[in-house]
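Report on one structure; see the data block that follows.
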Amino acid sequence: MKGEMETAVLHSPDDIQTEMKAAVLHSLGNILTERVKIPQIDRDEVLIKVKYCGICGSDVPRSMISGARKYPLILGHEFAGEVAEVGYNVDHLKVKDKVVVAPLVPCGGCEHCKATNYGLCDNYNIIGTGSNGAFAEYVKVPKDHVLKIHNNLDFETAAGIEPATIGYHGLQKANIQPGETVVVMGCGSIGQLTLQWAKIFGATTVIAVDIFEDKLEFAKELGADITVNSRNVDAVEKIRELTNGGAEVVVETAGSVITQQQSILAAKKKGRVVFLGITHKGLDLEEKTMDHLLRGELTIQGSWNSYTPPYPGIAWKATLDYMAKGQLKFKDMISHKIQVEQVGEYLKGMADRTLEFNKVLVSFEK
């Protein structure tokens, strides 16, 4: 009979590892590559052998600018890998399964969790922000947060599932109709995924806006019909000209107060504006912006995380499906694949803007 804490393990008795490499954040700006203990799982947890983990834009301020929730901490929440060990109560997974992890862990007790609005939980944890994450060879996660991926889906692409769900969740709120125009303000990685979703959701025309020409060229490759370089032209005037008065849907992904203002002004009357980007700043609306918001009866919608019932929700189900079918591209977005020893260097370069990048993945593939 199995003991209470019995687990199924990947390693044979002759090949048991006890330590792993990890990028450990000890204080603001201080990331060291160390050998640390491999996490021990309990009966309701799964040990994941990480294959790839993306560096999220939020990892930059967390490590280099504003600080983390705790120290020491292993960052990393956009990851895919394979099951290395399962707890006694885990019956839907087996060792060597290819998986991705939904990193938000809701408390389950607040009013939002009880209403199944898990992404709005008052006391949530995110693996890689409130507990150790996947800038390490192994990470432990709760069993219900592990999703199997299709065998034809490679680990690099699967590392893009979590950020892709963010774009889906935001566009779901916009109620896009076939024939409508969608403007995506900002062509970073979230914008690149969001513009692809806009096409999948049925937008007839997708307009991508950015200040970097290489980002706009890539946006075309990903499916944008029209691009606008807001460094060279007045983006709002150009969008109004192209759309005969404004777009039905505008999605702000850049996390800039400038593009937030532009998003409101670029929407047509009765248009819908979705804010996905995080500015960490207040937004003082100019008089003309407020006037358009009121007189145009615009709808402005915030979007946070990507979780709906049943957990983790439809955004995750859709992303798994469309990535497996090859209809949602992520691998082409990867500009750098680095080793765990380079995490600190790259985060610093991203923070001080000395590194030109699109999407950076930390690789643990041998």
For the chain, take the longest principal axis of its alpha carbons; what is the angle in degrees between that and the long axis of helix 189-201, to the nearest 10 within 0 to 90? 70
What are the semi-axes of the equivalent ellipsoid for the range 179-284, taken as the square roots of 5 times the Cα gyration tensor eigenvalues, largest first, in whole Å? 17, 16, 14
Where the accessible area of the range 269-341 is counted over protein heavy atoms with a 1.4 Å probe, how much of it, in %, is carbon and sulfur? 49
Report Rg/Rh for the range 138-235, rounded to two decimals, where Rg is the Cα radius of gyration and Rh the Kirkwood radius. 1.06
Using a 1.4 Å probe and ignoring any ligands, DNA or RNA, find the accessible area of Phe155 and quote it in Å² to the nearest 10. 30
Any chance you could look up the accessible area of Met290 with a 1.4 Å probe, heavy atoms only, rounded to 10 Å²? 80
Evaluate the Debye formula for the range 118-165 with equal point scatterers sitting on the alpha carbons, no solvent, and hand back log10 of I(q)/I(0) at q = 0.19, 0.27, 0.30, 0.32 Å⁻¹, in q order, two decimals. -0.83, -1.34, -1.35, -1.32
Members of Lys49/Lys329; Lys96/Lys325; Lys94/Lys148 lying beyond 18 Å, as alpha-carbon distances in this model show: Lys49/Lys329; Lys96/Lys325
Round to a whole number: what % of the accessible area of the range 106-255 belongs to carbon and sulfur, probe 1.4 Å? 44
Work out the length of the dipole vector of the chain about its Cα centre, built from +1 on the beta-carbon of each Lys and Arg and -1 on the beta-carbon of each Asp and Glu, and round it to the nearest 20 debye. 360
Among [x] 45.5, 184; [y] 21.2, 73; [z] 52.3, 182, the entry that matches Rg and Dmax of the Cα atoms in Å as calculated here: [y]
Under 19 Å between alpha carbons, and skipping anything fewer than 8 positions from Lys173 in its own chain: which lysines qualify? Lys199, Lys268, Lys269, Lys270, Lys317
At what distance in angstrom do the alpha carbon centres of the range 161-225 and the range 95-128 lie from each other? 26
Cα coordinate range in the range 87-176, projected on the principal axes (Å, largest first): 36, 35, 26
Accessible area in the full protein assembly, largest first, 1.4 Å probe, for Ile190, Ile55: Ile190, Ile55
Residue-normalised value, i.e. accessible area per residue, for the chain at 1.4 Å probe, in Å², stands at 46
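The values are calculated or read from the model by the stated rules, or taken from the named source; none is laboratory data. All values derive from a computational prediction rather than experimental measurement. Every residue, glycine among them, receives a Cβ derived from its backbone with ideal geometry; neighbour counts consider all protein chains shown. Note: accessible area is taken over every heavy atom of the protein model, side chains too, but ligands, DNA and RNA are not part of it. Shrake-Rupley method; radii C 1.70, N 1.55, O 1.52, S 1.80 Å.
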